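A short worksheet on the structure shown next.
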Amino acid sequence: MSDPYRIDTYERAAHSPRTRPRRSASRPLLWIMAVGGASVNVAANIVMRGDLTALGLASGVVGVAGIAGLLILRFAGGRS
């Protein structure tokens, strides 16, 4: 006779613990690229008072590349 309010642990099959999917390091690195590039770009523009500099241009390109990489990962189905 089974009691619906009784939890019997011996009736359950022994389940193996769920393994976590292996995550790649690309997503955190792309976030670091995006945030780091944007912050260096802002700092370079503040220090140089808005003048176009090689540092500001390079950091802007790095930031845009990081954002583009994150968008590609998101929409290409590589959600990790």
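Cβ separations smaller than 6 Å between residues 6+ apart or across chains give the following pairs from the stretch 54-80 residues that are over 22 Å from VAL42 (Cα atoms) and among the polar types (S, T, N, Q) to residues that are modelled with pLDDT of 90 or more and in a helix (DSSP H, G or I): SER80/ARG27. Across the stretch 42-58, the number of residues qualifying as assigned to a helix (DSSP H, G or I) and in contact with a helix residue (DSSP H, G or I) (Cβ under 7 Å, 6 or more places away or on another chain) comes to 4. Given the criteria of a type in the set (Gly, Ala, Ser), surrounded by 17 or more Cβ atoms within 10 Å (Cβ to Cβ) and in contact with a Gly (Cβ under 8 Å, 6 or more places away or on another chain), does ALA44 qualify? Answer is yes for this residue. Only residues that are at pLDDT 90 or above and of a type in the set (Lys, Arg) were counted in the stretch 26-57, giving 1.
The values are calculated or read from the model by the stated rules, or taken from the named source; none is laboratory data. Quick caveat, the model's predicted, so the values are computed rather than measured. Backbone-built Cβ (ideal geometry, glycine too); neighbour counts: all protein chains shown.
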